[in-house]
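Report on the structure given below.
The values are calculated or read from the model by the stated rules, or taken from the named source; none is laboratory data. Computed from a prediction, not measured in an experiment: that's the story for all the values here. When we count neighbours, we look across all protein chains shown, and the Cβ atoms used for this are built from the backbone with ideal geometry, even at glycine.
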Amino acid sequence: MSAHSIGRPETDTDPGPYGDVRDVLAALPHHRGGEYWRTDMFPVKHAYLAEHAPDARSVFEFGALVGYFLVTALDACPGIERVAWVDSELHTPGSNLLCEANVRAALADRLGVRLNAWSTSVLSYLAASHWRKRYDVVQVDGEHSLHACLVDLSLALAMRPKLILVDDTDAIAEVREAVELFAGYVGLEPEYHATVNGFAVLRP
C-alpha cells in the first residue's frame with residue numbers, strides 16, 4: 001500500500017469517520033491552521049511510528065501548533081511518558097495553550113505523563129538548557145526557512161533521539177535543502193516519505 005493510499009480524503013473537508021488516527025484528531029477540543037489534519041499526513045506518520053518506534057517513551061516537537069503530531073505520536077506509541085514542545089506562536093497566537101489542552105484531552109485515560117512547553121523563542125528554550133534532555137522521537141516543524149530548520153535540526157540531534165521527523169520536505173524547498181545539507185554534514189541518510197506535503201526521517 002502506498003503512502004498516498006492510507007485513507008487520504010478526496011477533499012480537505014471530508015468529515016470522516018476515517019478508521020485511523022484522524023478520528024482521534026477530529027475529537028480534539030481545538031483545531032487551528034486549516035483542515036490539513038484531515039489529509040494523509042498523520043495516518044502515514046502514525047503507521048511509521050507504530051512500526052519503527054513502538055517502544056518510544058518520549059516525544060518532542062519544534063513548532064507544535066495545536067499538537068496534532070504529538071497526539072498522533074501518543075496514539076501510535078502508547079508507552080510515551082514525557083511530552084514536550086517549543087512553539088514561538090508566530091503562526092497562531094495562543095497556540096501553546098490550545099496544544100496543551102489537546103494533549104491533555106488525548107491523555108484523559110493515561111496517568112503520569114509529564115508535559116513541558118515553551119511558548120517564546122528557541123533562544124529562550126536554549127537558555128533553559130532543556131535541549132540536553134533525551135527524547136526518543138523528535139519532529140521538526142517550526143519556522144520553515146533554511147537557517148531556522150538547520151538550527152532546529154541541530155537541536156534535535158543534541159536530544160539523542162532514535163528518530164527525527166522533518167515535515168514539509170515536498171511542500172517547501174528550503175526544508176528539503178536543510179535536510180540534505182544537515183544529513184550530509186552529520187553523515188546520515190535521509191528517508192523520504194510521501195504524504196500531501198512529504199516528510200523526512202533521520203536515524204541518528
Practice task
Would you mind telling me which numbered condition in (1) touching a Ser or Thr at 6+ places or on another chain (Cβ under 9 Å); (2) among the small types (Gly, Ala, Ser); (3) assigned to a helix (DSSP H, G or I) ALA64 fails?
Solution key: (3)
Handout entry: Cβ-Cβ under 6 Å pairs, at least 6 apart or on other chains, the range 135-162 side farther than 21 Å from ALA50 by Cβ, far side of a type in the set (Gly, Ala, Ser) and surrounded by 19 or more Cβ atoms within 10 Å (Cβ to Cβ)
Key = GLY142/GLY63; LEU146/ALA178; CYS149/ALA178; LEU150/ALA178; ASP152/GLY142
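For (1) of a type in the set (Val, Ile, Thr); (2) modelled with pLDDT under 90; (3) touching a strand residue (DSSP E or B) at 6+ places or on another chain (Cβ under 9 Å), each residue gets a yes or a no:
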position: CYS99; (1), (2), (3): no, no, yes
position: ALA108; (1), (2), (3): no, yes, no
position: LEU123; (1), (2), (3): no, yes, no
position: HIS130; (1), (2), (3): no, yes, yes
position: ASP136; (1), (2), (3): no, no, yes
position: ARG160; (1), (2), (3): no, no, no
position: ALA171; (1), (2), (3): no, no, no
Practice task
Considering only the range 41-55, state which residues are crowded, with 24+ Cβ neighbours inside 10 Å and either charged (D, E, K, R) or touching a strand residue (DSSP E or B) at 6+ places or on another chain (Cβ under 6 Å) (or both).
Solution key: LYS45
Completion exercise
Checked against (1) over 13 Å from GLU61 (Cβ atoms); (2) modelled with pLDDT of 95 or more, ALA148 satisfies every condition except (2)
